[in-house]
Amino acid sequence: MAEIISGKVISAAVKERIAAEVAELKAKGVTPGLAVIIVGTDPASQVYVGSKERTCIELGMYSEKYELPESTTNEELLALVERLNKDDKIHGILCQLPLPRHLDEKAVIDAIDPKKDVDAFHVQNVGKIMIGDYDFLPCTPAGIMEMLKFSNIDPQGKHCVVIGRSNIVGKPMAMLMLHANATVTICHSKTQNLKELCREADILVAAVGRAKFVTADMVKEGAVVIDVGMNRDENGKLCGDVDYQNVEPLCSAITPVPGGVGPMTIAMLMQNTLTSAKRCLK
Ligand code: GUN
């Protein structure tokens, strides 16, 4: 039986610590504030954004949500970002991705003040991640590292295989693992011998975006399996990138979906907003 690494339990502990720090900061006159922007009506994005807003309020932070219509122009979106960049109540700005196709994602990310870029998507922050000089840790990979730490799993010297090379998860995940002294392999849709490579992993991180992509024959006995996916199976039920039912008996530890990586991502976003607000004291 694998150890179930519960993002629900671990994020609750992280959030408790953050709430205490928020209270301290508020006593000194600074309330951490997060602005979340969502454009259009993508149902999954709406769920994520709702969760981010609720968590902000739960932790005593200030929250602003901007729900913009699908017809929003690049100019309008950039004008909002510029206004939030200058707003002293706001310490973190997040624009939920993906944006509708007519909008320029890169231009929006570039426009966010790197000091308020709590997603750590701005090139300046991405560059800092590369050299291990973090202002903001990228939320999903940071959440995964926190889960491993909490579960006493040390990546040092281990072979970590990351499936997926997105800017949001795969690439920064590989960097954080490398900084934790793991030996890292990044796999993607063009990788040859994917199954064999995955079977060599001591720590396997699945960030593919395809339901039950990681099957039992891709996992080494005793491996730690981290599932970043959030998909629907053939019956419309929420599931990850890992065929949990068949993989779980093989591994030493595994994250469930839901209740795994998802809640950790949000907790880390709150951490970044707090970190940004703390700068106001200096
Ligand atoms: N879409 C999916 N994950 C994320 C995330 O972590 N941040 C933003 N801004 N958009 C996302």
What is the number of the single condition among (1) of a type outside the set (D, E, K, R); (2) more than 11 Å from the ligand (Cβ to nearest atom); (3) over 18 Å from V184 (Cα atoms) that C139 does not meet? (2)
Inspect region 165-188 for any residue being in a strand (DSSP E or B) and charged (D, E, K, R) and give the result as yes or no. no
Is it the case that region 152-170 has a residue that's within 16 Å of the ligand (Cβ to nearest atom), polar (S, T, N, Q) and closer than 29 Å to R17 by Cβ? yes
Among strands (runs of 3 or more DSSP E) completely within region 56-164, the ones holding 2 or more residues that are touching a Ser or Thr at 6+ places or on another chain (Cβ under 6 Å), of a type outside the set (D, E) and modelled with pLDDT of 95 or more are 159-163
Residue set A35, A44; condition of a type in the set (A, V, I, L, M) and either away from the ligand (no atom under 14 Å from the Cβ) or over 17 Å from T265 (Cβ atoms) (or both); output residue A35
Among the residues in region 198-214, are any of a type outside the set (F, W, Y) and part of a helix (DSSP H, G or I)? yes
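I'd like to check something: does region 173-189 contain any residue that is within 17 Å of the chain's Cα centre (by Cα), within 15 Å of the ligand (Cβ to nearest atom) and buried (at least 19 other Cβ atoms within 10 Å of the Cβ)?
Initially, region 173-189 is screened for residues within 17 Å of the chain's Cα centre (by Cα), giving 173-177.
Narrowing the set further to residues that are within 15 Å of the ligand (Cβ to nearest atom) leaves 173, 176.
Imposing the further condition that a residue be buried (at least 19 other Cβ atoms within 10 Å of the Cβ) reduces the set to 173, 176.
Checked against the condition, which is being within 17 Å of the chain's Cα centre (by Cα), within 15 Å of the ligand (Cβ to nearest atom) and buried (at least 19 other Cβ atoms within 10 Å of the Cβ), region 173-189 yields at least one hit.
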Members of region 44-61 found to be of a type outside the set (D, E, K, R), touching a residue at least 24 places away in the same chain (Cβ under 8 Å) and more than 20 Å from C239 (Cα to Cα), listed by number: T55, C56, L59, G60, M61
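The values are calculated or read from the model by the stated rules, or taken from the named source; none is laboratory data. In this text, all values refer to a predicted model and were calculated from it rather than measured experimentally. As a convention, Cβ positions derive from the backbone with ideal geometry for all residues, glycine included, and neighbour counts pool all protein chains shown.
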